[in-house]
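The values are calculated or read from the model by the stated rules, or taken from the named source; none is laboratory data. Fair warning: this is a prediction, and the values are worked out from it, not measured in the lab. As a convention, Cβ positions derive from the backbone with ideal geometry for all residues, glycine included, and neighbour counts pool all protein chains shown. Each accessible area value is taken on the protein alone, full model and side chains, heavy atoms only, with ligands, DNA and RNA left out. Shrake-Rupley method; radii C 1.70, N 1.55, O 1.52, S 1.80 Å.
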Amino acid sequence: MRLAATAIIAGLALTACSSSEPASDTGSRLRDVPSLVAAVKKSVNDKGSYRFTIDPPLAGTSGRAPANGSVRLGGEVPAMDATTTRAVQTGGNAVELRLVSTMKDTAFVRLPADVFGLPADKPWVRLDRKADDEFTTTVLGFHDVVYQQAVFTTYHLPVIEAGGELKLTTEAGGATRYTISVDYRKAYDTLEDEALRAEVKLALDQQVAGATAEVELDGSGLPSRIGFYTDFQGQRIVDATRFSDWGGAVTIADPNPAEVSPRG
């Protein structure tokens, strides 16, 4: 799925932990970034589905708008069903948006009935990347920001794998946290996917040399939280997503055509 250019910018802050130790291969710990990425991909693909929650920004930081939903793997592209709250009209109030995508380059958004005068029985709008109107571009941007964090196997993990170096491994409460320094120049030179390269170049063009990533795995080796941290133009940006309900029953489908507005 081609993502809108939305900010790979995320992360530069090591989180302190009382049990901090240098990275090592002791016990079940993974010794380096390739081993970590390979293990996470396998454990995630074995489960095939999960739920996610994008945390609101911490006090004194900026970050993504809160969102939650579910992801199903195994199709043409990972499918996502998410709910977030954003303003979709200039000067308007934030409204609840439901975003669904099951195929490449197309998504759907469910809007409140009074937004843009949509019929109450047709609250869904189809979003096609071939369209270039302001509404489609804006809402696809909202979708892509959520998708990048929720579907970390197609975005964050490849960037970590291409430009990351394991710096710290900590353990607490049955979870293992891996702290990784991500060099965007190295990632740009290593990545082969042109869409991901474009995202990394966006960061480099804004003089962001890298980020710090945290990958927290539970006792089963499944991600419980992934965070990216950076300082950009004097402000700390924190992107953090929590994951749960691995392998749970997840049904994600495009809306009934009868409920889709002809707009767009």
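A few notes on this one:
- Pairs of alpha carbons in the range 172-216 separated by more than 16 Å make up 46% of all such pairs.
- For the range 142-233: Kirkwood Rh in Å [reciprocal of mean 1/r, alpha carbons]: 13.8
- Segments 207-215, 88-96, 142-150, 65-73 sorted - mean Cβ within 10 Å per residue, highest first: 142-150, 207-215, 65-73, 88-96
- Listed pairs 104/167; 42/167; 42/201; 41/130 exceeding 25 Å between Cα atoms: 104/167; 42/201; 41/130
- Across the chain, counting alpha-carbon atoms alone, Rg and Dmax equal 18.8, 60 Å.
- Helical content alone sets the calculated 222 nm signal of the chain at -7000 deg cm²/dmol, taking -39,500 (n - 2.57) per DSSP H segment of four or more residues and averaging over every residue.
- In the chain, Cα pairs under 8 Å separated by at least six residues give a relative contact order of 29 percent.
- Accessible-area composition of the range 211-264, carbon plus sulfur, in percent [1.4 Å probe]: 44
- Among 117, 219, 48: highest mean-square fluctuation, GNM of the chain, C-alpha pairs under 10 Å: 117
- Percent antiparallel among DSSP beta bridges (both partners in the chain, rounded to 5): 95
- Using a probe of 1.4 angstrom and keeping all protein chains present, the accessible surface of the range 86-220 works out to 44 square angstrom per residue.
- Label-to-label distance for residue 256 and residue 65 is 2.7 nm, based on points extended 7 Å past Cα in the beta-carbon direction.
- The range 99-177: Cα Rg divided by the 2.2 N^0.38 Å rule of thumb: 1.58
- Computed from the alpha carbon positions, the gyration tensor of the range 60-197 leads to an equivalent ellipsoid with semi-axes of 32, 18, 15 Å, biggest first.
- Top of 164, 227, 174 by mean-square fluctuation, Gaussian network on the chain, Cα under 10 Å: 174
- For the range 207-264, the alpha carbon positions stretch 47, 37, 15 Å along the principal axes, listed from largest to smallest.
- Within a Gaussian network of the chain (alpha carbon springs, distance under 10 Å), most fluctuating of 85, 102, 153: 85
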